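The block underneath contains the structure these notes are about, expressed in structure tokens.
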Amino acid sequence: MTDSATQTRPLQVSGEILASRRVGAYHHLTLVAPGIAERARPGHFVALAVGGERTGLILRRAFSIYQSRATGVYGGTVDVVVGVHGSGTRWLAGQHPHTPVDVVGPLGKPFSLPRDGGASATLVGGGYGSAPLFGLAEALHKRGCRVDFVLGAASADRLFGALDAKRMAATVAVTTVDGSTGTRGVVTDVLPELMARAGTDVVYACGPMGMLRAVSRLAATHGVPSQCAVEESMACGIGVCMTCVLPVVGDDGQIRMVRSCVEGPVFAGERVRWDDVGTVPPETVGAPAATGTGGQAVATEGGVR
């Protein structure tokens with residue numbers, strides 16, 4: 001992999017909602033965010049203040065960047081996809097163009113690109129977790145890589161980006177749990193056949209944590225590395241509050257609780273201790289003496305949506 005996943009200095013800007021439209025079960029927002037757009041790379045996210053000037057909602061909400069445009073009459077825009085899960089996302093989904101929004105970004109560590117320009121990359125998205133994969137697909141195309149997509153969701157209205165994928169990929173496989181479109185089932189039902197057909201060299205994934213666990217394990221059994229953009233809860237987005245930690249194995253083989261918002265959200269899938277997410281494994285560096293149960297991690301609303 002290349003070193004494209006280096007940290008980028010974030011900015012805080014006073015932006016505004018340029019456009020808002022409904023896409024299936026989700027809301028697609030375009031935000032004026034000059035300075036942030038030109039720094040953004042696939043896998044980065046932004047943290048938005050919600051609720052307006054007099055709100056009691058003090059925590060920001062974090063969203064993967066779906067698209068970014070560094071030029072234009074507005075001086076740079078970023079697009080995000082919002083699924084309504086609580087009061088903050090409900091407020092965002094209900095706003096109209098020209099609503100001011102304070103934006104911090106780009107945040108986190110982005111995806112790394114293959115060194116081999118002829119590599120074959122399979123991109124796996126769950127629900128609106130697929131949002132950051134489309135900018136990644138463009139970057140992979142520029143490097144001369146083959147791109148294949150697998151998109152899954154509970155139902156057809158919860159898929160995101162299927163038409164975009166068809167325009168960008170060599171092949172697209174779609175699954176829904178209820179069978180309302182594509183193949184009935186989950187992404188891992190169709191992933192092995194697609195990987196074999198495409199000669200996959202690397203898997204990129206973003207979506208629910210259970211999906212990421214299954215995808216990374218499947219990729220590992222086929223000897224293929226994976227990069228997973230996790231959907232952990234993030235209250236601050238800048239590594240201060242420690243609410244988004246999860247156990248990850250380092251280069252030295254030691255488990256550490258690392259911050260998804262700073263060391264992630266993109267991690268090597270085989271390094272994440274998926275079964276221990278939400279706990280502190282007893283063998284973690286710096287963990288209290290083992291008592292038979294792991295310490296429970298704190299979770300709040302505001303994960304990368």
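The values are calculated or read from the model by the stated rules, or taken from the named source; none is laboratory data. What you see is a predicted model, and the numbers here were worked out from it, not measured in a lab. Neighbour counts are summed over all protein chains in view; Cβ atoms, including those assigned to glycine, are modelled from backbone coordinates with ideal geometry.
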Being in contact with a helix residue (DSSP H, G or I) (Cβ under 9 Å, 6 or more places away or on another chain), under 20 Å from SER226 (Cβ atoms) and in a loop (DSSP other than H, G, I, E, B) is the filter here, so list the residues in region 257-287 that pass it.
-> VAL277
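How many residues does region 243-257 hold that are among the hydrophobic types (A, V, I, L, M, F, W, C) and touching a Cys at 6+ places or on another chain (Cβ under 9 Å)?
Here is the first cut: in region 243-257, the ones among the hydrophobic types (A, V, I, L, M, F, W, C) are 244-246, 248-249, 255, 257.
Okay, now just the ones that are also touching a Cys at 6+ places or on another chain (Cβ under 9 Å), so 244.
The qualifying residues number 1.
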Restricting attention to region 245-281, the residues that are among the charged types (D, E, K, R), touching a residue at least 40 places away in the same chain (Cβ under 8 Å) and under 21 Å from TYR204 (Cβ atoms) number exactly 2
Cross-chain or 6+ apart pairs with Cβ under 9 Å, region 181-203 first and outside the structural domain of ASP148 (by TED's automatic domain parsing), then surrounded by fewer than 20 Cβ atoms within 10 Å (Cβ to Cβ) and small (Gly, Ala, Ser) | none
Lone qualifier among MET242, MET209 - being in contact (Cβ under 8 Å) with a residue 60 or more places away in the chain, closer than 19 Å to LYS109 by Cβ and of a type in the set (A, V, I, L, M) = MET209
Picking from ASP178, ASP157, the residue that is closer than 25 Å to HIS27 by Cβ, in contact with a Lys or Arg (Cβ under 9 Å, 6 or more places away or on another chain) and not aliphatic (A, V, I, L, M) would be ASP178
Could you tell me whether any residue of region 112-123 is within 30 Å of VAL50 (Cα to Cα), aliphatic (A, V, I, L, M), in contact with a helix residue (DSSP H, G or I) (Cβ under 8 Å, 6 or more places away or on another chain) and at pLDDT 95 or above?
-> no
Criterion: in contact with a strand residue (DSSP E or B) (Cβ under 7 Å, 6 or more places away or on another chain) and either within 26 Å of GLU283 (Cα to Cα) or crowded, with 23+ Cβ neighbours inside 10 Å (or both) - qualifying residue of VAL248, VAL190, VAL186 = VAL248
Does THR221 meet the test of being without any contact (Cβ under 8 Å) to a residue 12 or more places away in the chain, more than 22 Å from ARG22 (Cα to Cα) and β-branched (Val, Ile, Thr)?
-> yes
Matching residues, region 167-180, being in contact (Cβ under 8 Å) with a residue 12 or more places away in the chain and not acidic (Asp, Glu) = MET168, ALA169, ALA170, THR171, VAL172, ALA173, VAL174, THR175, THR176, VAL177, SER180
Give region 25-48 a look and list any residue that's touching an Asp or Glu at 6+ places or on another chain (Cβ under 6 Å) and under 30 Å from ALA154 (Cβ atoms), or say none.
-> ALA25, THR30
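Of these, SER68, SER64, SER87, which one is modelled with pLDDT of 95 or more, of a type in the set (Ser, Thr, Tyr) and farther than 15 Å from SER20 by Cβ?
SER64
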Output the number of the condition that PHE160 fails; it satisfies all remaining conditions of (1) within 24 Å of ARG22 (Cα to Cα); (2) surrounded by fewer than 22 Cβ atoms within 10 Å (Cβ to Cβ); (3) at pLDDT 95 or above.
-> (2)
Residue in region 111-125 that is small (Gly, Ala, Ser), more than 15 Å from SER226 (Cα to Cα) and surrounded by 24 or more Cβ atoms within 10 Å (Cβ to Cβ) present = no
Lone unmet requirement of (1) of a type outside the set (Ser, Thr, Tyr); (2) buried (at least 24 other Cβ atoms within 10 Å of the Cβ); (3) within 21 Å of ALA33 (Cα to Cα); (4) not assigned by TED's automatic domain parsing to the domain that holds LEU29 for GLY135 | (2)
